[in-house]
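The structure appears right after this line, and notes come after that.
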Amino acid sequence: MKVVSRIVVLGLVSVLLAGCVVSVGGSRGSSGESDWQQVERENREAIARLNKGMYVEEVRSRMGTPDFLESFSRDGHAYQVFFYRTHRVKADGMTTRDETTPIVFEDGFLVGWGEAAWVDLTGRPLTGRP
């Protein structure tokens with residue numbers, strides 16, 4: 001009798017699990033993009049709609065939380081730099097600074113974005129980890 005019970009239970013479990021699906025390779029949106037590709041595309045599109053002179057909070061509300069953030073003072077001005085992932089350099093599962101676009105604020109106002117804005121401000125290239 002125990003053998004018959006086990007067979008019945010295994011049969012029921014098999015039927016219940018038949019509808020289960022295992023997803024390999026991460027989730028994809030309706031366009032076939034993976035999550036990170038969608039985030040990068042959305043960040044690039046949002047950056048394209050920025051305007052110099054925008055308030056820091058206005059940019060943050062449009063863009064969300066940056067991947068990296070730097071804040072410092074120089075020559076009596078307060079600078080904030082938000083780094084948003086916009087492209088992939090190395091498929092290692094980590095976001096590095098060279099895979100981001102910097103958004104530069106001076107005294108709370110947007111003054112520029114992109115690698116040139118970062119280099120003009122700091123004299124350093126965008127490379128690797130922060």
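Quick notes
- Taking region 91-109 as the range and being within 12 Å of the chain's Cα centre (by Cα) and among the aliphatic types (A, V, I, L, M) as the test, only Met94 passes.
- Checked against the criterion of being farther than 19 Å from Ala48 by Cβ and not small (Gly, Ala, Ser), the candidates Pro125, Pro102 yield just one match: Pro125.
- Qualifying residue in region 33-47 (condition: surrounded by fewer than 13 Cβ atoms within 10 Å (Cβ to Cβ) and at pLDDT below 90): yes
- Strands (runs of 3 or more DSSP E) completely within region 55-130 that count 3 or more residues being touching a strand residue (DSSP E or B) at 6+ places or on another chain (Cβ under 8 Å) and surrounded by 19 or more Cβ atoms within 10 Å (Cβ to Cβ): 77-85, 100-106
- Of the numbered criteria (1) farther than 30 Å from Val119 by Cα; (2) among the β-branched types (Val, Ile, Thr); (3) at pLDDT 80 or above, the one Val22 fails is (3).
The values are calculated or read from the model by the stated rules, or taken from the named source; none is laboratory data. Bear in mind the structure is a predicted one, so any value in this text is a computation, not a measurement. Don't worry about glycine lacking a Cβ; one is built from the backbone with ideal geometry, like all the others, and counts go over all protein chains shown.
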